[in-house]
Structures are given as C-alpha cells and as structure tokens.
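Here is the structure we will look at.
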Amino acid sequence: EFERRQLEQAAEQARTTFVQAAARLSAARARAARRLSKAVGAILPQLGMEGGSMEVVLEHLDEPSPHGAEDVEFRIALNRGFEPRALARIASGGELSRVMLALKTILAGLDDVPTLVFDEVDAGIGGKVAHAVGDTLRDVARDRQVFVITHLPQIASRAQHHLLVRKEERDSRTTTIVEELAGEARVAELARLLGGDPESETSLAHAKELLAASA
C-alpha cells in the first residue's frame, strides 16, 4: 500500500511538471506564431503572392500529447479578403514552394537541413517578381545546398551552377541527359529561356546582362 501511494504521488508530481512545461511551451509557441505569421506575410508579396497572408494556429487538445498541449496548423489566404485555410489543402506545388522559401528565408541559420529542393517555385510569376524570387533563393543558398527546377532565366541566372536536363532518344529508347552548362553554353541556354534566338546577338546580350547582374 505504501509503495502504491508513492507511485501515485510520483505520477501526480510528473503530471504537474508536464502541465507546467506544456504551459510554458504554449506561451512560447503563441509568441513565435505571431512573429512568424507577420514575417511570412511581409515576404509573400515579394514572391508573387500579393495579398497573401499566413496564420499559425494553435488548436488546444483535450489531452496533452508528448508534443505539448496543442496541435499547430499553418493556414494561408492566397488572396486579400479570403479566410485563411489549411496550407496543405489549398496551395499548389508552386505556392507551397514559395511559402517554404519564405519560411527558410526567415528561419535561416536555425535549422540544419543541408539540402533543399524547390520545384515549380516560378509557377505563375515573371518580371520583377522572378528577379526577387531568384535573389531570395540565392540568399538561402548561402548556408546550404539548394536545387531549383525552373524555366525562368531570371532565376536560372542566379545559380552558381546551371544544369540542363533534356530528353534524348537513343536506340528507340528515351534517355534523360543532365549536362552542366558554363561559359557560352550557359549564355546560349539563358537566351533560349528568354524566348529569343540563342544565336541572336540581341538575345545573347540580354542573357549576358542577366548573368552580370547576378554576379
């Protein structure tokens, strides 16, 4: 009986300690959620999501879990005037990539993920926004390896290394070829991405300007 009371007291003490720790974690999460939501909301317009906003919502649990007293959900409004909804349910691949890019920009240096892959990060953008996305990607790449799949010259020109992926038919079979571009070959590919003739002096000059601006 004595041992049982000791175990009950130890369990109650452990629960009290857990509840207190969960409360401190909840308070810290609430503060971080407000700061993160504001910071992401400030970056999204620069990445082609004008009017977009993000909320980090803490949903209280009836019974605390090993992760604390609440679930955390990221919600996003893609356009001004819309209610934020769960990010995983409404965002396209390109939008998810840009939200991830915004988060990685804000949290740079706080995680140890060595390699990031962004696919379709350029979906639905162009012009000045494409330049901004390219600059942001380059900043993120200062601390880690970043792979970007893109069809925009504004983004491709920001890279330290440019890989061309193409398909080629050999012996009645389709083969994927990956070729690293440098020098004039890279200039010609950027000229092609610009929509011009890769042999045109005008297109080549524009491509060289992009590379010079990215240096």
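The values are calculated or read from the model by the stated rules, or taken from the named source; none is laboratory data. What you see is a predicted model; the values in this text were computed from it and never measured. Glycine gets a Cβ as well: all are built from the backbone with ideal geometry, and neighbour counts include every protein chain shown.
Things to note:
- The set of residues in the stretch 57-77 being surrounded by fewer than 18 Cβ atoms within 10 Å (Cβ to Cβ) and either charged (D, E, K, R) or under 24 Å from VAL133 (Cα atoms) (or both) consists of GLU59, ASP62, GLU63, ASP71, GLU73.
- Here is the figure for the stretch 170-211: residues that are not charged (D, E, K, R) and not in a helix (DSSP H, G or I) total 13.
- Qualifying residue in the stretch 76-93 (condition: among the basic types (Lys, Arg), farther than 22 Å from ASP111 by Cα and in a strand (DSSP E or B)): yes
- Tally, over the stretch 104-137, of residues that are among the β-branched types (Val, Ile, Thr) and either assigned to a loop (DSSP other than H, G, I, E, B) or touching a Ser or Thr at 6+ places or on another chain (Cβ under 8 Å) (or both): 5
- Yes/no for LEU110 being crowded, with 19+ Cβ neighbours inside 10 Å, free of Cβ contacts under 8 Å to residues at least 60 places away in the same chain, within 23 Å of SER37 (Cβ to Cβ) and not charged (D, E, K, R): no
- Meets criteria (of a type in the set (A, V, I, L, M, F, W, C), within 30 Å of GLY94 (Cα to Cα) and surrounded by 12 or more Cβ atoms within 10 Å (Cβ to Cβ)) for ALA22: no
- Of all residues in the stretch 70-107, those satisfying the criterion of being under 19 Å from LEU58 (Cα atoms) and among the acidic types (Asp, Glu) are GLU70, ASP71, GLU73, GLU83.
- SER97 falls short on exactly one of the conditions (1) assigned to a helix (DSSP H, G or I); (2) modelled with pLDDT of 85 or more; (3) surrounded by 17 or more Cβ atoms within 10 Å (Cβ to Cβ), and that condition is (2).
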